[in-house]
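Inspection log for the structure reproduced underneath, given as C-alpha cells.
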Amino acid sequence: MIQASYPAPDPDQETFYLDSGTCCPEPNGDDRVQTVNVRNSFENLGWTLDSDLFYYLDQGGEHSEYYWGTRFHVPMGYLYPVTPLTPDS
C-alpha cells in the first residue's frame with residue numbers, strides 16, 4: 001500500500017526510520033527484503049536517505065523486542081542528534 005499510494009514527501013512534516021536484521025534466512029527472515037523495498041519506494045517518492053529517511057541493517061538482529069531494544073539508540077541518534085552546547089545556551 002505504501003509503495004502504491006503514499007503521497008510525495010513533505011520533509012518539514014515527516015521523517016521515517018526503517019530497520020531490519022540479518023538473523024534469519026529469507027524469504028521470511030526479518031523481512032529485510034520487504035523493508036529494503038519500502039525504503040526504495042520512499043526514495044522513489046522523493047525522500048532522501050540519511051536526511052528524512054533512515055534505514056539501519058542490524059547484523060545478526062531479529063524481529064523482536066529484545067533486538068529492537070538493543071538498537072533503539074540508532075533511530076534516536078538519527079531523529080534527535082546530539083548538538084553541542086554553545087556559550088549562549
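Return the total of residues in region 51-83 being free of Cβ contacts under 8 Å to residues at least 24 places away in the same chain and not in a helix (DSSP H, G or I).
The qualifying residues number 6.
Under the condition of being of a type in the set (D, E, K, R) and not in a helix (DSSP H, G or I), which residue from region 30-50 is nearest to W68 (Cα to Cα)?
Kept after step one, since they are of a type in the set (D, E, K, R), are these residues of region 30-50: 30-32, 39, 43, 50.
Those left that are additionally not in a helix (DSSP H, G or I): 30-31, 50.
Numbers: D30: 12, D31: 14, D50: 20 Å.
The extreme case among them is D30.
Could you list, ordered by first residue, the pairs with Cβ atoms under 7 Å in which the first is in region 1-27 and more than 13 Å from L53 (Cα to Cα) and assigned to a helix (DSSP H, G or I) and the second is of a type in the set (S, T, Y) and at pLDDT 80 or above, at least 6 apart or interchain?
Filtered contacts from region 1-27: I2/S41; Q3/S41.
What number of residues in region 36-89 are at pLDDT 90 or above and among the hydroxyl-bearing types (S, T, Y)?
Adding up the residues that qualify gives 6.
The values are calculated or read from the model by the stated rules, or taken from the named source; none is laboratory data. Just so you know, these numbers come straight off a predicted model, no measurement behind them. Quick reminder, even Gly has a Cβ in these numbers, built from the backbone with ideal geometry, and neighbours come from all protein chains shown.
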